Amino acid sequence: MTKRSLFLIGFVSACSLALAGTKSYVVAFDKPEGVGAVQLTPGEYKLTVENGAATFTNVHTRKSVSAPVKLETAKEKFAQTAVETVMDGKTERVSSIELGGSTTTVEFGTGTAAQSSK
């Protein structure tokens with residue numbers, strides 16, 4: 001193998017490890033839910049949390065929505081992922097999500113959210 005081939009293999013391996021470090025969770029909503037300043041449509045979403053933001057990516061359309069979050073740590077691991085909602089007028093909003101298999105609770109405010117599509 002040439003030095004270039006070895007470098008390329010090493011680079012791809014390092015990128016793969018970096019991407020594998022971010023854990024994702026699947027959450028499903030059977031009705032519209034408010035997250036931050038946006039409304040999620042019913043469906044399945046991949047949730048990733050990184051750098052103070054939670055990103056919901058629709059598994060079918062691949063559209064993403066991000067919202068600022070606050071992370072809390074519990075004393076024990078959660079057995080499963082659980083979504084807690086509250087009524088905000090006529091709108092149901094996600095207030096927090098307990099991430100199954102971890103001690104992390106993701107808390108949402110009503111702050112601004114950035115919407116992007118991939």
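The values are calculated or read from the model by the stated rules, or taken from the named source; none is laboratory data. This structure is a prediction, so every number in the text was calculated from the model and none was measured. FYI the Cβ positions are ideal-geometry reconstructions off the backbone, even for glycines, and counts take in every protein chain you see.
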Could you please find all residues in region 78-111 being under 20 Å from LYS46 (Cβ atoms), among the polar types (S, T, N, Q) and in a loop (DSSP other than H, G, I, E, B)? GLN80, THR81, SER102
All conditions in (1) more than 18 Å from LYS31 (Cβ to Cβ); (2) assigned to a loop (DSSP other than H, G, I, E, B) are true of HIS60 except (1)
Set LYS31, LYS75: member being modelled with pLDDT under 95 and not in a strand (DSSP E or B): LYS31
Taking the residues in region 34-52 that are free of Cβ contacts under 8 Å to residues at least 24 places away in the same chain and part of a strand (DSSP E or B) as candidates, determine which candidate is surrounded by the most Cβ atoms within 10 Å (Cβ to Cβ). TYR45
